[in-house]
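J.: To start, I am sharing the structure in question, which I have written as structure tokens.
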Amino acid sequence: MKKLISCSIILSALISSHSFALSDTLRLSEPVVKNAISETFGQALNTSLEKVTIAELANDSSKHLGKPFQVETKIAKVCQKKGCFFIAQQDEHVLRVSFKDYGFFIPTDSSGKTVLLAGELIQKEMSQQQAAHFTDDLQTESAAIRPGIVYEIVATSVQIPLS
């Protein structure tokens, strides 16, 4: 009887851990800072940077080009292939957020969370091929991903709440 109970407990544990392993969430980077309420990816967050909004970045992009800032934003959608970029959204304003030197990733289940990030705004030309690739990785359409001249945030750190 004891062996049957022990086998049952072990089997339950294996099934639970196996289910966890099959989770759709990818975590290809470890946080550089973790506490009871959040985890930070990339570098430790520099909270002394100027605070801006996504609306300010979208409406007056040239003023913010190449200048470090911090912004609080909702993650509308994360790249589902690796977590290598996300779409930041404030009301109708959206910007693509990539990570400096492709140096870190965020968990792919971060959509819907409000994060604090540090980074810089850049202007770049996105080809039709790049736009198609990013849309495929995102697994949905976004106004932030389109061919032509676009603005995007290159983040050095992203602080994500745990809940």
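Read the figures in this text as sums done on the coordinates, not as results from a lab. For clarity, every value in this text was computed on a predicted model and none was experimentally measured. Using ideal geometry, Cβ is built from the backbone for each residue, glycine included, and neighbour counts are taken over all protein chains shown.
J.: So how do 144-156, 52-64 stack up, highest first, on mean other-Cβ count within 10 Å? If you can, show how the numbers build up before the last one.
T.: Values: 144-156: 18.5, 52-64: 15.5.
Ranked from most to least packed, the peptides come out as 144-156, 52-64.
J.: Take every Cα pair under 8 Å in the chain that's 6+ residues apart, average their separations, divide by the length, and report that relative contact order as a whole percent. Could the numbers behind the result be given before it?
T.: Values: 334 pairs, mean separation 43.4, N = 163.
That works out to 27 percent.
J.: Which of THR73, VAL115, SER142 sits farthest toward the positive end of the charge dipole of segment 28-161, with +1 on the Cβ of Lys and Arg and -1 on the Cβ of Asp and Glu?
T.: Of the listed residues, the answer is VAL115.
J.: Just how large is the dipole of segment 44-126 about the Cα centre, in debye to the nearest 20, putting +1 at every Lys and Arg Cβ and -1 at every Asp and Glu Cβ?
T.: Numbers: 11 positive and 10 negative charges, 59 e Å.
Dipole about the Cα centre, nearest 20: 280 debye.
J.: Then there is this: Given +1 on the Cβ of Lys and Arg, -1 on the Cβ of Asp and Glu, and no further charges, what dipole in debye does the chain carry about its Cα centre, rounded to the nearest 20? Mind showing how you got there, number by number?
T.: Details: 16 positive and 17 negative charges, 133 e Å.
Once rounded to the nearest 20, the dipole reads 640 debye.
J.: Enumerate the residues in segment 55-73 having an amide nitrogen under 14 Å from the point lying 7 Å beyond the Cα of ASP91 toward its Cβ.
T.: Answer for segment 55-73: 55-60.
J.: Identify all lysines with a Cα-Cα distance to LYS124 below 16 Å; exclude those on the same chain that are fewer than 8 residues away in sequence.
T.: Straight-distance partners of LYS124: LYS63, LYS67, LYS100.
J.: So the label point goes 7 Å from the Cα of THR25 along Cα→C-beta, right? Which residues of segment 104-120 then have their backbone N under 18 Å from it?
T.: Output list for this probe position: 105-116.
J.: Given SER98, PRO31, ALA131, which one lies farthest toward the positive end of the charge dipole of the chain, if we put +1 on the Cβ of every Lys and Arg and -1 on the Cβ of every Asp and Glu?
T.: Checking the options against the dipole of the chain, the answer is PRO31.
J.: According to the square roots a ≥ b ≥ c of the eigenvalues of the Cα gyration tensor, what is the shape class of segment 28-161, taking rounded for a/c under 1.5, prolate for a/b larger than b/c otherwise, and oblate for the remainder?
T.: On the way: a/c = 1.65, a/b = 1.17, b/c = 1.41.
Judged from the Cα gyration tensor, segment 28-161 comes out oblate (a/c at least 1.5, b/c at or above a/b).
J.: Ok, one more. Starting from the 7 Å offset along Cα-to-Cβ, what nm value, one decimal, do you get for the label separation of LEU65 and LYS100?
T.: Using points 7 Å along Cα→Cβ, the separation is 2.0 nm.
J.: Follow-up question, since we're still on this one. Could you put ARG27, ARG96 in order, starting from the residue whose Cβ has the fewest other Cβ atoms within 10 Å?
T.: Working: ARG27 16, ARG96 23.
Exposure proxy ranking, most exposed first: ARG27, ARG96.
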